[in-house]
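Scroll down for the structure; my scribbles are underneath it.
The values are calculated or read from the model by the stated rules, or taken from the named source; none is laboratory data. Just so we're clear, the structure is a prediction, and the values are computed from it rather than from any experiment. Heads up, the Cβs are rebuilt from the backbone with ideal geometry, glycines too, and the neighbour counts pull from every protein chain shown.
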Amino acid sequence: MPAYVILHTAEILDEELHAEFRSRVGPLLEARGGKYLMRGNVSEVIGGDSTGHNRVAVMEFETTEQAQEWARDPQPPGEYAELRDLRNRAARSVSLIVASTD
């Protein structure tokens, strides 16, 4: 069953660093077997607390294990580990892995 990585960016701290992250992450995602289903700015909050919402990305992988490998990037130093560090310096965000139940 497919699994999804959901990245919610609450606040961009450094637009230049964040743009660098966005430009570099796509090719690596595809090389690791993932693909973007969507990514973009939050246009409207329709329920709940409306503070701290900036961008959302949803990535799909064939399996939960593949999504976990992407997120954990066990190879030191690991290409995604470097990009994750860049993202963490550029923005406040949270990532989730969601396994499909369908």
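Looking only at residues in the range 18-31 that are under 14 Å from residue 54 (Cβ atoms) and not small (Gly, Ala, Ser), which one is surrounded by the fewest Cβ atoms within 10 Å (Cβ to Cβ)? Walk me through how you get there before you give the answer.
Within the range 18-31, the subset under 14 Å from residue 54 (Cβ atoms) is 18-19, 21-22.
Subsequent filtering for residues that are not small (Gly, Ala, Ser) retains 18, 21-22.
On the way: 18: 20, 21: 19, 22: 15.
Looking at the filtered set, the residue picked out is 22.
Given the criterion in contact with a Ser or Thr (Cβ under 8 Å, 6 or more places away or on another chain) and of a type in the set (Ser, Thr, Tyr), identify the matching residue among 36, 80, 4.
Working: 36 fails: in contact with a Ser or Thr (Cβ under 8 Å, 6 or more places away or on another chain); 80 fails: in contact with a Ser or Thr (Cβ under 8 Å, 6 or more places away or on another chain).
Going through 36, 80, 4 in turn, just one is in contact with a Ser or Thr (Cβ under 8 Å, 6 or more places away or on another chain) and of a type in the set (Ser, Thr, Tyr): 4.
Consider residue 36 carefully, then state whether it is surrounded by fewer than 16 Cβ atoms within 10 Å (Cβ to Cβ) and within 26 Å of residue 101 (Cβ to Cβ).
On the way: surrounded by fewer than 16 Cβ atoms within 10 Å (Cβ to Cβ): yes; within 26 Å of residue 101 (Cβ to Cβ): yes.
Taking the combined requirement at face value, the residue satisfies it.
Determine which single condition residue 13 fails, assuming it passes every other condition in (1) modelled with pLDDT under 90; (2) among the hydrophobic types (A, V, I, L, M, F, W, C); (3) under 19 Å from residue 85 (Cβ atoms).
Result: residue 13 fails condition (1) only.
Give the residues of the range 83-95 that are touching a strand residue (DSSP E or B) at 6+ places or on another chain (Cβ under 9 Å) and either more than 16 Å from residue 5 (Cβ to Cβ) or not in a strand (DSSP E or B) (or both), sorted by residue number.
Of the residues in the range 83-95, the ones touching a strand residue (DSSP E or B) at 6+ places or on another chain (Cβ under 9 Å) are 84, 87, 90-95.
Those that are touching a strand residue (DSSP E or B) at 6+ places or on another chain (Cβ under 9 Å) and either more than 16 Å from residue 5 (Cβ to Cβ) or not in a strand (DSSP E or B) (or both): 84, 87, 90, 92.
So how many residues does the range 46-78 have that are among the acidic types (Asp, Glu) and either surrounded by fewer than 15 Cβ atoms within 10 Å (Cβ to Cβ) or in contact with a Cys (Cβ under 7 Å, 6 or more places away or on another chain) (or both)? Quick ask: steps written out before the conclusion?
Kept after step one, since they are among the acidic types (Asp, Glu), are these residues of the range 46-78: 49, 60, 62, 65, 69, 73.
Retained after the next criterion (residues that are either surrounded by fewer than 15 Cβ atoms within 10 Å (Cβ to Cβ) or in contact with a Cys (Cβ under 7 Å, 6 or more places away or on another chain) (or both)): 49, 62, 65.
Of the residues in the range 46-78, 3 are among the acidic types (Asp, Glu) and either surrounded by fewer than 15 Cβ atoms within 10 Å (Cβ to Cβ) or in contact with a Cys (Cβ under 7 Å, 6 or more places away or on another chain) (or both).
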